[in-house]
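Structure record follows, encoded as structure tokens.
Values quoted throughout were computed directly from the atomic coordinates according to the rules given, and no laboratory measurement underlies them. None of the values given here were measured: they were computed from a predicted structure. Here Cβ is always computed from backbone atoms with ideal geometry, including for glycine, and neighbour counts include all displayed protein chains.
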Amino acid sequence: MINSIYQKLLNHFGEQGWWPTINPKTGKIEYHSKRHIDENKRFEIILGAILTQNTSWKNAEKAILNLRKNKLLSKEKLNKIPVKKLSSLIKSSGYYNQKARKIKEFLAYKGLMKRQKLLGIWGLGPETVDSILLYAYNRPVFVIDSYTKRIFSRLMPQTSKLKTYEGWQKFFESKLPKNAELFKEYHALIVHLAKENCRKNPECVSCPLREQCKSFR
DNA sequence: GGCCAGGCCGGTG
DNA sequence: CACCGGCATGGC
């Protein structure tokens, strides 16, 4: 089921090629980038993961572009500016006071990129940490977000027994080969479906999964 | 004008 | 452990 849903989404929407990042030549965000992930790009992904917390990607994207416009899009530069200045630059992402602190807390962290360690950083919860590990560091961890829960609660009502983040995560990881590229693509496809069809007010008629969905209407 | 968006923290029961 | 209020902007 979990595997066949992936195939259906991939056939229907095509490869997504996440995470969206800035093309340094054009200065524009690329949504289907296969570019090599260097240190700067890694940091950009981490910023995006924090800035998009409970916020539309577009608003997070504006904040990243604004940092770039001000030539501050690097760890070194951001280390040098006060948290107040940072918060004023990322206003568009919402919750900007909290998010500025979260970025500073991450910058102050000097340890290893291990899940349990990262979860100890103020402001980084399981979804943010797993997005960082998967998309910036190619670690095979399956990311759970509100879209994943919404879609699979509708598709498979038995998932209502999955209470915790880790419960949801194990559900997926136990049914899929442990492969970072697969996890990346699957999560990106989930986001696409959530925006296209499986919205809060769903658009079921054109949904690629309508055949097997318990909530089709 | 209300609803929604790729959460997390701190506090409560 | 599960649930809650607070945090905030911008697009539709």
What number of residues within region A:6-23 are of a type in the set (Gly, Ala, Ser) and not in a loop (DSSP other than H, G, I, E, B)? 0
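Taking region A:94-133, which residues are over 20 Å from residue A:180 (Cβ atoms), outside any loop (DSSP other than H, G, I, E, B) and of a type in the set (Val, Ile, Thr)? Break it down into steps so the answer makes sense when it comes.
Going residue by residue through region A:94-133, those that are over 20 Å from residue A:180 (Cβ atoms) are A:94-111, A:120-123, A:125.
Among the residues that remain, those that are also outside any loop (DSSP other than H, G, I, E, B) are: A:96-108.
Once the filter is applied, which keeps residues that are over 20 Å from residue A:180 (Cβ atoms), outside any loop (DSSP other than H, G, I, E, B) and of a type in the set (Val, Ile, Thr), region A:94-133 yields only A:103.
Residue-by-condition table, conditions (1) among the charged types (D, E, K, R); (2) more than 13 Å from residue A:136 (Cα to Cα); (3) more than 16 Å from DNA strand B (Cβ to nearest atom); (4) in contact with a helix residue (DSSP H, G or I) (Cβ under 9 Å, 6 or more places away or on another chain):
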| site | (1), (2), (3), (4) |
| --- | --- |
| A:22 | no, yes, no, yes |
| A:26 | no, yes, yes, no |
| A:32 | no, yes, no, no |
| A:37 | no, no, no, yes |
Can you name every residue in region A:165-217 that is among the acidic types (Asp, Glu) and within 15 Å of DNA strand C (Cβ to nearest atom)? A:166, A:196, A:203
Please find, among A:175, A:200, the residue that is surrounded by fewer than 17 Cβ atoms within 10 Å (Cβ to Cβ) and without any contact (Cβ under 8 Å) to a residue 60 or more places away in the chain. A:200
I need a count of the residues in region A:134-152 that are closer than 17 Å to residue A:9 by Cα and assigned to a helix (DSSP H, G or I). 6
Matching option when the condition is among the β-branched types (Val, Ile, Thr) and within 16 Å of DNA strand C (Cβ to nearest atom), among A:37, A:29: A:29
